[in-house]
1. Keeping to segment 103-127, report how many residues are of a type outside the set (Asp, Glu) and out of contact with any helix residue (DSSP H, G or I) (no Cβ under 7 Å at 6 or more places or on another chain).
2. Which of the residues spanning segment 248-258 are under 16 Å from LEU224 (Cβ atoms) and buried (at least 19 other Cβ atoms within 10 Å of the Cβ)?
3. Name the single residue that is least open to solvent (accessible area, probe 1.4 Å) among those in segment 139-157 being of a type in the set (Phe, Trp, Tyr) and outside any helix (DSSP H, G or I).
4. If I filter segment 276-291 for residues that are of a type outside the set (A, V, I, L, M), under 30 Å from LYS155 (Cβ atoms) and either surrounded by 18 or more Cβ atoms within 10 Å (Cβ to Cβ) or touching a Cys at 6+ places or on another chain (Cβ under 8 Å) (or both), do I get at least one hit?
5. Of the residues TYR23, TYR33, only one is assigned to a loop (DSSP other than H, G, I, E, B), open to solvent by 40 Å² or more (accessible area, probe 1.4 Å) and either modelled with pLDDT of 95 or more or within 20 Å of ALA161 (Cβ to Cβ) (or both); which?
6. Find the residue count for segment 36-68, including only residues that are of a type in the set (Lys, Arg) and either open to solvent by 70 Å² or more (accessible area, probe 1.4 Å) or closer than 15 Å to GLU94 by Cβ (or both).
7. Out of curiosity, is LYS200 out of contact with any Ser or Thr (no Cβ under 6 Å at 6 or more places or on another chain) and part of a loop (DSSP other than H, G, I, E, B)?
8. Within the group THR164, THR175, which residue is in contact with a Leu (Cβ under 7 Å, 6 or more places away or on another chain) and polar (S, T, N, Q)?
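The values are calculated or read from the model by the stated rules, or taken from the named source; none is laboratory data. Predicted model only: the values in this text are computed from it and were never measured. Neighbour counts run over all protein chains shown; Cβ positions are idealised from the backbone, glycine included. The accessibility values were calculated without ligands, DNA or RNA, using every heavy atom of the protein model including side chains. Shrake-Rupley method; radii C 1.70, N 1.55, O 1.52, S 1.80 Å.
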Amino acid sequence: MKIFLLIQFAAFRQPILRRFASYFTMPKLPFTYKGLITPVFTPFNSDSARSLNLPIIAQYAQYLAKKQVTGVLVNGTTGEGPSLSTNERKLVAEAWANAVRTTNQHLMIQVGGTNLPDVLELAKHAEGIKADSILCLPELYFKPATQEELKDYLKLVGSAAPNTPLLYYHFPDMTNVTFHMGQCLQSLVGDEIPTFAGIKFTSPKLDEGAQAFRVNNKKYAVFLGNDQLITAATALGMDSFITTTSNLFPEITLEALNEGKLGNVLKSREKQESLSKMMFTISKYGKNTID
């Protein structure tokens, strides 16, 4: 009986996905951003409701811009996006969209981590406020059992924002979706999702990340989301990162990245060791969140 129900559910699930599908035939969207993106915190007021502190976001953007941070990720793990309501996520995204009009920072918005209709609504909203790119977690409850199911899910998200580059958020420690990203990019996505531009790779498995980076002659953007592997990753040729510590120590993060890209391994390692020590100290006294 249990096997029969599982078969019935699998047959029932695909029409649900197709109900939301509206695929677009269009040229591949360009995505050229490389370098550092800071996953920003969501600011709250110290009131009983923990309401959003939206006015401070403009100042936050200016602070990062002055530190030479040219890209921000909104509503990611560091920004507690999956813990916010859909309306709160929209308000935060809108505040950042207004702020980056002045700072000219790349605006990436994470839209996943909730039910499918809201994910699609958030993707449409991100495109409507002129986000430069969107990032999306996989389905978190009915997790994709196959790469084909993940592809179908990303197709839906991509179709909701047909003019905005889409990146997949690979964070296996939190999502338990563990597809090998090198193999996934090689065999799964191809050109079936015209908006698909790459991944955010939050994992210590650097060999897997490097393999993903090299797929199809480095066709896809791969942002490493691991603060402690900047030097090692640049030694493998990786050039793009999303690191939480760049909120607090943007100068040191950028120095580690830039020295690594220039091949100055010893200087990069020195900065990396400073970052790692700071991360250890912070995690000792609070929750260690890697976005």
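1. 5
2. Result: THR253, LEU254, ALA256, LEU257.
3. Applying the filter and picking the extreme gives PHE142.
4. Yes: one or more hits.
5. TYR23
6. Residues in segment 36-68 being of a type in the set (Lys, Arg) and either open to solvent by 70 Å² or more (accessible area, probe 1.4 Å) or closer than 15 Å to GLU94 by Cβ (or both): 2 in total.
7. Criteria not met by LYS200.
8. Just a single option satisfies the conditions, and that option is THR175.
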